[in-house]
Amino acid sequence: MQKLTVLGATGSIGINVLDVVSQHPKKFKIFALTCNTRVVELSAQCEQFKPYFAVVTDISKVKELKKLLKVASPNTIVLVGTDGLCKVASDKSVDTVVAAIVGSAGLLPTLEAAESGKKILLANKESLVMAGSLLMEAVNLSGGILMPIDSEHNAIYQCLPDQYVSPKESGVSKVLLTASGGPFRSRDKKSMREVTVDEACAHPNWKMGRKISVDSATMMNKGLEFIEACLLFGLSPDQIEVVIHPQSIVHSMVEYLDGSTLAQLSNPDMRTPIAHALAWPKRVRSGVSSLDIVSTKRLDFEPPDFERFPCLSLAISAARAGGSAPIVLNASNEVAVNAFLNNEILFTQISEVVELALKEVVSIEPNTLKLVQSCDRKTRDITLKLIKKHF
Ligand code: NDP
Ligand code: MG
């Protein structure tokens, strides 16, 4: 029986994880569930899964959660804040931690899980982009396992050999990171200025949280995934090629020296990578129907348009620059996306804000958690000021 903590249980990834878990009650047991504000949803999940702990980070919601749980799951203990998240991410009874909090708020509990030698199912790409080497080092030192559930990285994982150590040793020449192109794949550059929040959040193939939906629309999501792939698989930026694939059936590919290219294909449903990572090295049902390849008919591939999607170029440049550039990219993007969601800046200004922040913030060598956090905070302050001044 695998005991699980789901960080960010009420989000789009969290809900999909619990869907897979509910199909295998003999294999998985929920130890803890967490949310930020949506305590009604968390309480309903606790009623179904009866976890030992429920964690809420928004202090103003604690009373309400306790009241709800008295009826829904009286034995579930309520914990609060980042300390609560870190406790359930590192408790010795836990085998597996699903890191599905959105944004940099996921960093500390994910790092805690890594230091405690857990199997981590990583969705929270922002924590890897911010503190990649610290996180990878913590996993290696503690003997933990890092399994990506971001669909592209899970696909790459599946296309690599079991004992993968480095691209060189396994004869990997290149990784082809696929991207749907988002809702504005064929929208002309001029009209991008008028994009509304609702349009940006309406992804053609995936139903996701609002932040990642906007990231997909700007293609910053693919940029963050580019950095994520470098860190997870020890790839240099030159070994990754972004390919637009509108159908979202091929979730990424690995090219080998001998001319072979391996791909992972499935319907676009996050329960497939989640089930793969949960059951690995075995396989379990996910609830996703198998691919009907004949009725799929077409699989199209094209190069990305860096001019219409400047966030993608900014992220690739940050990957090449290394150091604190990915931290600045991630933090300024979180602030800019938030400003766009609050109708404070235009869609096309997200990339302009990030570009300004990358020029403004002094770069450092972020080799401790303190330095990472201070660079993240500084970038947020500077970005807020830049938005006030320029937009
Ligand atoms: P959602 O916005 O749907 O869910 C986010 C979760 O994090 C919720 O449980 C939310 O709680 C919680 N949360 C938000 N802010 C905080 C905070 N400050 N402190 C603690 N918890 C917080 O996001 P998604 O599920 O879409 O995405 C989660 C992560 O997974 C992101 O990093 C994203 O990039 C990644 N990912 C998502 C994919 C998808 O298909 N959705 C695909 C691949 C990666 P509450 O509900 O109370 O607000
Ligand atoms: Mg992805």
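Data for the structure
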read-out	value
Antiparallel %, DSSP beta bridges [both residues in the chain], to 5	25
Distant-in-sequence amide H partners of T178 (H built 1.01 Å from N, under 5 Å)	V243, S252, M253
Cα coordinate range in the range 338-388, projected on the principal axes (Å, largest first)	35, 19, 15
Partner lysines for K61 [C-alpha distance under 16 Å; skip if fewer than 8 residues away on the same chain]	K70
The range 168-179 - phi-based ³J(HN,Hα) in whole Hz, Karplus 6.51/-1.76/1.60, Gly and Pro as x	4, 5, 9, x, 7, 9, 6, 10, 9, 8, 8, 9
Accessible area in the full protein assembly, largest first, 1.4 Å probe, for R187, R193	R193, R187
Over the range 301-391 - Rg/Rh using Cα atoms and the Kirkwood inverse-distance radius	0.99
Partners for K388 among lysines (Cα-Cα distance below 19 Å; same-chain residues under 8 apart left out)	K359, K378
Residues with amide H under 5 Å from that of I240, placed H, sequence gap 5 or more	V175
Cα gyration tensor of the chain - equivalent ellipsoid semi-axes, whole Å, descending	30, 26, 21
The chain - percent of accessible surface contributed by carbon and sulfur, probe 1.4 Å	52
3J(HN,Hα) from dihedral phi, the range 204-214, Karplus parametrisation 6.51/-1.76/1.60, rounded to Hz, x for glycine, proline	x, 10, 10, 9, 9, x, 5, 5, 5, 5, 5
Derived scalar couplings ³J(HN,Hα) [the range 259-269; Karplus, 6.51 cos²θ - 1.76 cosθ + 1.60; whole Hz; x for Gly, Pro]	x, 7, 10, 9, 10, 10, 10, 6, 4, x, 8
Kirkwood-Stokes translational diffusion coefficient of the range 260-341, alpha-carbon pairs, 25 °C, 0.890 mPa s, µm²/s	146
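The values are calculated or read from the model by the stated rules, or taken from the named source; none is laboratory data. Since the structure is predicted, the reported quantities are computational estimates derived from the model, not experimental observations. Heavy atoms of the whole protein, side chains included, go into the accessibility calculation; ligands, DNA and RNA do not. Shrake-Rupley method; radii C 1.70, N 1.55, O 1.52, S 1.80 Å.
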